[in-house]
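Only the coordinates and a few stated rules stand behind these numbers; no lab work does. In this text, all values refer to a predicted model and were calculated from it rather than measured experimentally.
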Amino acid sequence: MIYQFRSKAGPDVIMLSDLTERIFAILGRPLEARGIFTVEHLPGLITTLETAILNDLEERKDSESSQKGDRLGQRAYPFLELLKQSSAKEEPVMWGV
């Protein structure tokens, strides 16, 4: 499945379900076909995702399998940027609408 995230603050972000499911698990949020991240939730979501990206980088540095697979930060960057732009412009992020 493909998820399209929209905000008036920036360009749409399209992600496949594997990455979307991983990000939502990190954020501790249930993944539904439709939803919204309100402006009030954005700063906490940004911090949580940035922390997970840093942890992923540290794990890859310490692991021999650092060359295998895509980095979380690399794959999640467009989504994280949309969250940041939306937070700065006080716009919600919606999907499935």
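Things to note:
- Recomputing Rg/Rh (Cα atoms, Kirkwood Rh) from the coordinates shown identifies the correct label among (i) 0.98; (ii) 0.93; (iii) 0.95 as (i).
- The angle separating the long axis of helix 17-27 from the principal Cα axis of greatest extent in the chain is about 90 degrees.
- Pairs of lysines in the chain (C-alpha under 29 Å apart; 8 or more residues apart or interchain): 4
- Across the chain, C-alpha contacts under 8 Å between residues 6 or more apart give a mean separation that, scaled by the residue count, equals a relative contact order of 48 percent.
- Folded to 0 to 90 degrees: helix 72-88 orientation relative to the chain principal axis, Cα: 30
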